[in-house]
Structure formats: C-alpha cells, structure tokens
Amino acid sequence: MSASRPVLALSGGVGGAKLALGLYRVLPADTLTIVANIGDDFEHLGLTVCPDLDTLLYTLSGEANPELGWGRRDETWTFMAALEKLGGESWFRLGDGDLATHVARTRRLTAGESLSAIMDDFRQRLGIAARLLPASDDKVRTRLDTDRGWLDFQDYFVRLRCEPVVHGFEFAGSETARPHPGFLAAVADPKLRAVIICPSNPFISIDPILAVPGVRQALRACHAPVIAVSPIIGGRAVKGPTAKMMKELGLPVDAAAVAQHYRDFLDIYIADETDRDVVAGLDLPVELAPTLMVIAEDREILARVVLAAADRARK
C-alpha cells in the first residue's frame with residue numbers, strides 16, 4: 001500500500017513545520033523522514049543554536065509555542081531577564097526551556113557527537129516517531145549580500161528585523177559539506193513515495209539544503225515525484241521575508257516564480273486556489289488547493305492533497 005511507503009520532506013522552520021506536522025499526523029509516523037535547513041544555525045552566547053531543527057522538534061512533539069510561532073510552549077524568561085541586567089546580549093531571545101536544548105546540544109557537540117545523532121536522541125526523548133535529520137552534519141551558514149554589506153543570517157533576520165535590502169546569498173561551508181548519508185539514502189530508496197518541499201522560504205530555508213553537494217543531483221535523479229508547495233499566496237508570503245526578498249532580487253512576487261526556482265528537479269507544484277491564473281502558464285503539472293494552514297485540520301488536509309498528487313504522478 002502507498003500509505004506504508006516512505007516519504008521525505010525538506011523543511012525550514014515555522015511555515016514548513018506546519019506541513020511537516022500535517023504529514024506526521026496523516027502518515028504512519030515511522031514512514032516520514034524530515035530533512036531540516038541548517039543554514040540558520042549559529043553560535044550565540046557560546047551555544048550552538050539550530051532554529052529550524054528545533055522548531056521541527058518542538059512542533060512534532062507538541063511542545064511548540066502557539067503564541068510566538070517559535071520556541072517552546074509555556075516558556076519562561078528568567079534567564080533573559082537576568083542576562084539583560086548584566087548587560088548581556090539580549091537581541092536573540094532564548095527562553096528557559098529552549099535554553100536547555102541549546103546547552104545539552106552544545107555540550108554533546110563539544111564532546112564529539114554529531115548533530116544528527118544528538119537530534120535523533122532528542123526526538124526520541126520527546127516521543128517523535130518520524131526521523132528528523134539535518135541536511136548535513138557539517139556546518140553550512142547562510143550569509144546575505146545586502147545594502148549594508150554581507151550579514152550573517154541571524155543578524156539580518158533577528159537583529160536587523162529583515163530591514164536591509166537583499167542582493168544575494170551565499171552558504172558558507174556548503175562547498176565542502178557532505179549530505180547526511182540518511183538523506184541521500186532516503187532520496188534513492190526505490191520504495192520512496194514522494195519528496196515534498198514544504199512551503200518554506202526558497203532562498204534561506206530550502207536553498208541551503210540544495211547547496212550541499214550532491215543533493216540537487218540526487219533530486220533530479222529521484223525516481224519518486226518531487227513536489228513543492230508554494231509559500232506565496234496571492235502575491236504575499238504567509239510568514240517571513242520571502243516576498244520582500246523576491247522583490248529586492250527583481251523577481252515577480254508570485255507562486256509561479258517559486259516553481260521556476262525549483263524547475264530543474266520539480267515534478268509537481270501545489271499552488272493556492274487563488275493563484276490559478278498565475279500558475280496557468282507553467283510547463284509542469286500544477287495542482288490547486290487551499291494552502292493557507294491556520295488550524296490543525298488545514299495542515300492535515302494539505303498533507304493529504306500533496307500525497308494524493310504524488311500517488312497520481314508516481315514515476
């Protein structure tokens with residue numbers, strides 16, 4: 001049965017995690033592998049912080065903070081309050097529960113464990129049956145070429161609140177990074193049902209994954225359908241700076257432009273029903289669906305739409 005065949009999802013943080021959760025809820029949990037963006041990772045206050053991996057970890061375990069959209073549920077902020085009194089850096093906020101994740105991870109990385117092994121242990125301890133992998137155990141760091149010079153991602157995204165104008169990107173370390181073996185094995189699995197590109201920012205959430213050598217080629221050669229869900233609805237990004245970046249890069253701010261960004265390996269594109277005319281001219285199969293995920297049921301409905309499209313297009 002198709003429902004028992006493995007599914008691979010590529011995801012960034014909050015937006016991608018919504019569809020990842022929908023997939024997790026409608027699939028046999030042990031058939032799902034999620035590969036996370038590591039380009040957002042950085043060292044802060046002596047700790048290794050992995051925002052997208054942690055967002056997926058908290059979302060799939062039911063620990064995510066529904067008010068903030070990031071961090072842990074029922075978070076407290078004693079650490080940050082004390083740090084501010086001491087004149088410490090407080091521009092990147094770490095809640096007390098979230099801080100424990102970074103402390104535990106950093107200690108184990110320093111002791112020589114791999115990021116993937118640590119995250120695998122974390123997800124098991126939090127009761128997650130799906131597999132959660134970093135794109136690589138090597139460091140890949142997103143940097144942005146802006147009107148204020150080159151910026152590390154978190155400086156742009158958090159410290160400067162996405163205000164600088166973006167001219168381009170680089171993924172430092174990607175040229176020598178090695179894709180996680182489990183990632184490439186999942187893409188090559190003859191039983192694979194689909195590869196799903198979650199509705200994450202294509203430039204700063206998915207491109208760092210694709211920049212790891214061998215990944216894009218593996219997706220081109222994949223026997224299973226590769227499907228992307230648009231993060232743009234009606235000319236707007238649901239969350240984050242995707243639309244702003246597209247405009248600054250001279251791209252049309254629409255769903256079709258995202259499809260073209262993935263065109264070299266994409267088999268099917270899922271766009272919102274409101275973008276019917278925008279995607280009508282694309283030279284690849286397009287399925288229309290309600291892609292705005294507001295409540296839990298929205299996530300599951302979209303997950304079923306994507307999986308059904310994959311089954312119809314099985315190579």
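The values are calculated or read from the model by the stated rules, or taken from the named source; none is laboratory data. Treat the numbers as computed from the prediction; the structure is a model and nothing was measured. When we count neighbours, we look across all protein chains shown, and the Cβ atoms used for this are built from the backbone with ideal geometry, even at glycine.
Okay, residues lined up against (1) touching a Ser or Thr at 6+ places or on another chain (Cβ under 7 Å); (2) within 14 Å of Asp40 (Cα to Cα); (3) assigned to a strand (DSSP E or B):
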site: Leu144; (1), (2), (3): no, yes, yes
site: Phe157; (1), (2), (3): no, yes, no
site: Arg161; (1), (2), (3): no, no, no
site: Pro213; (1), (2), (3): no, no, no
site: Ala218; (1), (2), (3): no, no, no
site: Ile227; (1), (2), (3): no, no, yes
Checklist entry - Picking from Pro213, Pro208, Pro290, Pro241, which residue would you name as being surrounded by fewer than 15 Cβ atoms within 10 Å (Cβ to Cβ), in contact (Cβ under 8 Å) with a residue 24 or more places away in the chain and not polar (S, T, N, Q)? => result Pro213
Checklist entry - Among the numbered criteria (1) surrounded by fewer than 23 Cβ atoms within 10 Å (Cβ to Cβ); (2) over 15 Å from Pro134 (Cβ atoms); (3) aliphatic (A, V, I, L, M), which single criterion is violated by Leu23? => result (1)
Next on the checklist: So if I check each of Thr59, Thr48, Thr76, which one is part of a helix (DSSP H, G or I), among the hydroxyl-bearing types (Ser, Thr, Tyr) and either in contact with a Leu (Cβ under 6 Å, 6 or more places away or on another chain) or touching a residue at least 12 places away in the same chain (Cβ under 8 Å) (or both)?
Outcome noted: Thr59
Checklist entry - Among the residues of region 79-97, is any part of a helix (DSSP H, G or I), under 20 Å from Leu56 (Cα atoms) and at pLDDT 95 or above? => result yes
Next on the checklist: Scan region 257-280 and tell me whether some residue there is small (Gly, Ala, Ser) and under 23 Å from Asp311 (Cβ atoms).
Outcome noted: yes
Checklist entry - Is it the case that some residue within region 104-118 is without any contact (Cβ under 8 Å) to a residue 60 or more places away in the chain and in contact with a Pro (Cβ under 8 Å, 6 or more places away or on another chain)? => result no
Checklist entry - What residue, among those in region 34-45 that are assigned to a strand (DSSP E or B) and of a type in the set (Val, Ile, Thr), is nearest to Arg159 (Cα to Cα)? => result Val35
Item to check | Residue selected from region 74-104 under the condition charged (D, E, K, R) and more than 27 Å from the chain's Cα centre (by Cα), by the criterion surrounded by the fewest Cβ atoms within 10 Å (Cβ to Cβ) | outcome: Lys85
Checklist entry - Are any of the residues in region 113-132 of a type in the set (A, V, I, L, M), more than 17 Å from the chain's Cα centre (by Cα) and at pLDDT below 95? => result no
Checklist outcome for this item: Selection from region 98-142 of residues closer than 14 Å to Ala36 by Cα and in a loop (DSSP other than H, G, I, E, B) yields Ala130, Ala135, Asp137, Asp138, Lys139, Val140
Next on the checklist: For the condition outside any strand (DSSP E or B) and among the aliphatic types (A, V, I, L, M), what is the one hit in Leu23, Leu10?
Outcome noted: Leu23
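One line per residue, one yes/no per condition, for (1) in contact with a helix residue (DSSP H, G or I) (Cβ under 6 Å, 6 or more places away or on another chain); (2) acidic (Asp, Glu); (3) closer than 28 Å to Arg178 by Cβ:
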{"position": "Ser2", "(1), (2), (3)": "yes, no, no"}
{"position": "Pro6", "(1), (2), (3)": "yes, no, yes"}
{"position": "Gly12", "(1), (2), (3)": "yes, no, yes"}
{"position": "Ala17", "(1), (2), (3)": "yes, no, yes"}
{"position": "Leu23", "(1), (2), (3)": "yes, no, yes"}
{"position": "Ala29", "(1), (2), (3)": "no, no, yes"}
{"position": "Thr33", "(1), (2), (3)": "yes, no, yes"}
{"position": "Asp40", "(1), (2), (3)": "yes, yes, yes"}
{"position": "Gly46", "(1), (2), (3)": "no, no, yes"}
